[in-house]
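See below for the structure under consideration.
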Amino acid sequence: EEYRNATITTTTMDLLYRFAHCSGLNLIFGLNALLRKGNHEWNSSNAKLLLDYCSSKKYNVSWELGNEPNSFRKKSGVYIDGSQLGKDFVDLHNLLLKYSSYRNTGLFGPDIGQPKKQSQKMLKRFLTYGGKIINSVTWHHYYVDGRTASERDFLSPDILDSLISEITTVFKIVNETVPGKLIWLGETSSAYGGGARGLSNTYIDGFMWLDKLGISAKLGINVVMRQALFGAGSYNLVDSDFEPLPDYWLSLLFKKLVGNIVLDASFKSSENRDDRRLRVYMHCTNSDNPNYALGDVTLFAINLYNSTQIMTLPSILSQKFVDEYLLLPGDDEGLFSASVLLNGQVLKMVDDKVLPTLNGKLLDPGSPLVLPPLSFGFFVVKNAKASACL
Amino acid sequence: GSLEETVYRDQKPNQVADLCEGILPVDVLQKLKSQWPSQEDQILKEFFQ
């Protein structure tokens, strides 16, 4: 009784589907896993109503069941064992088979929270019973608590590296139970509890966001789903007036420049020092970008040092032209700026519907790649002819 | 139904192909935006619970 009622009608579903479809997004609907029969099995009758309606409208929807089931007891007083949830997913899978529209649709789960001991146990049991019928394993990740997070946390290589061990843990469990199953970050951002005010919605969030995209891809996560596009709190990509925030621009640039083939790049310092503050990732350039050719590569780098860092490409790439896309804070607020500069120009919408052209700055062959203090950027190496990208 | 639902229903887009035609009227948009601060407070309250 502490929670609001939220009534979802067929018209709500129409609006939701219309928003996703007309925005070029895929809709994944999370069904309510807390509706239970007397024997604790999932009660699918309400889901069936929704499936009947969506199927009749030929809506292309994928499905999830439950959100962070490891916290059900704490949040709702309902305890569901991992094995029971796995069986519930099998029930949902069997239900979907009855609809021609959803026979081959996506089913993702279990959307567990951070993989701490109890969640790990739940994930193992879930996958044992339901792992075979899901298309991807989903889990959630936040670095810090939004209410206590500090500027220092957002720039800490230790905190950024903490994602590596969590991904490793999830991969180990999945590979022991359903080897080869795809793994997604089904909900993720910098800080839980709505984000950190003044941090998750400003330039400084980009360090965690870009590093998360780099680490996740490098370690084999297939999809990263950002919390959130719009909503309550501070971690949204657009503000309450629908104006893009720095992470929106960073995401847009990432999507335009970064392809999904990941290369094994690293940075070696000329001095003997902790390189974790200069973080580099490299992918094949997005092959859909008309400005670039097959074989081009995109390097993206994060400078956590309070001083300018200069990088040199290896000799195999040093005679190539490079397009630089450097992102810096957009105003005097510095790291806490709600706007961002791309190569010196403030990024903003042309009008309510039109995004600006994102232009790179051409660097001559052999030019060093320069990252100012506490900044990040992308560098597209043109005509790189990387064999993995051809 | 809520205001936005009523407006949507009146537009009657029956086919998926028609879905993206028509836009939310400005008055509905303004109404939704005016409701948002209190809804946000409620959501944040639930986060912190």
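Derivation of every value follows stated rules applied to the coordinates shown; laboratory data play no part. Computed from a predicted structure; not experimentally measured. All Cβ positions, glycine included, derive from the backbone under ideal geometry; neighbour counts span all protein chains shown.
Over the residues of the protein assembly as shown, the helix contribution to mean residue ellipticity at 222 nm works out to -10500 deg cm²/dmol, using -39500 (n - 2.57) for each DSSP H run of at least 4. Note on A:Asn291 and A:Ser76: with the Förster distance fixed at 56 Å, the Cβ-Cβ geometry gives a FRET efficiency of about 0.65. Normalised by the number of residues in the stretch A:269-390, the mean separation of alpha-carbon contacts (under 8 Å, six or more apart) gives a relative contact order of 38 percent. Listed from fewest to most Cβ neighbours within 10 Å, the set A:Asp81, A:Asp352, A:Asp153, A:Asp274 follows the order A:Asp352, A:Asp274, A:Asp81, A:Asp153. Taking only Cα atoms of the stretch A:106-187, what ratio of Rg to Rh do you get with Rh as the Kirkwood inverse-distance radius? A ratio of 1.03. Scanning chain A for cysteines with no neighbouring cysteine C-beta under 4.7 angstrom from their C-beta gives A:Cys54. When the square roots of the Cα gyration tensor eigenvalues are ordered a ≥ b ≥ c, the ratio a/c for the stretch A:315-356 is 1.5 or more and a/b does not exceed b/c, which makes its shape oblate. For the pair A:Glu176 and A:Arg197, a Förster radius of 25 Å applied to the C-beta separation gives a FRET efficiency near 0.05, rounded to the nearest 0.05. For the protein assembly as shown, the ratio of Cα radius of gyration to the globular rule of thumb 2.2 N^0.38 Å stands at 1.03. Along the positive direction of the dipole of the stretch A:65-171 (beta-carbon charges: Lys, Arg +1; Asp, Glu -1; about the Cα centre), which of A:Gly66, A:Ser156, A:Tyr79 reaches farthest? Positive-most Cα among the choices belongs to A:Tyr79.
Each Lys or Arg adds one and each Asp or Glu subtracts one; over the other residues with Cβ under 10 Å from the Cβ of A:Val340, this totals -1. Look at the alpha carbon pairs under 8 Å that are at least 6 residues apart: their mean separation over the length of chain A gives a relative contact order of 11 percent.
With coordinates expressed along the principal axes, the C-alpha atoms belonging to the stretch A:244-372 extend over 47, 36, 25 Å, beginning with the largest.
Pairs spanning more than 26 Å between alpha-carbon atoms, out of A:Lys98/A:Lys124; A:Lys37/A:Lys124; A:Lys255/A:Lys361; A:Lys37/A:Lys116; A:Lys172/A:Lys256; A:Lys75/A:Lys124: A:Lys98/A:Lys124; A:Lys37/A:Lys116; A:Lys172/A:Lys256.
A viscosity of 1.567 mPa s and a temperature of 4 °C, combined with the Kirkwood radius over C-alpha pairs in the Stokes-Einstein formula, give the stretch A:46-177 a diffusion coefficient of 79 µm²/s.
Sequence-ordered 3J(HN,Hα) estimates for the stretch A:381-389 from the Karplus curve with 6.51, -1.76 and 1.60 and θ = phi - 60° stand at 8, 7, 6, 6, 6, 5, 4, 5, 9 Hz, glycine and proline given as x.
The label point for B:Leu24 and the one for A:Asp332, both projected 7 Å from the Cα toward the Cβ, are 3.5 nm apart.
Express in % the proportion of alpha carbon pairs of the stretch A:6-111 at distances exceeding 20 Å.
40
By other beta-carbon atoms within 10 Å, ranking A:Phe154, A:Phe72, A:Phe230 with the fewest at the front produces A:Phe230, A:Phe72, A:Phe154.
Exposure proxy ranking for A:His140, A:His21, A:His40, A:His283, based on other Cβ atoms within 10 angstrom of each Cβ and starting from the fewest, stands as A:His40, A:His21, A:His140, A:His283.
What you get for the protein assembly as shown, charging only the Cβ of Lys and Arg (+1) and of Asp and Glu (-1), is a dipole of about 1520 debye around the Cα centre.
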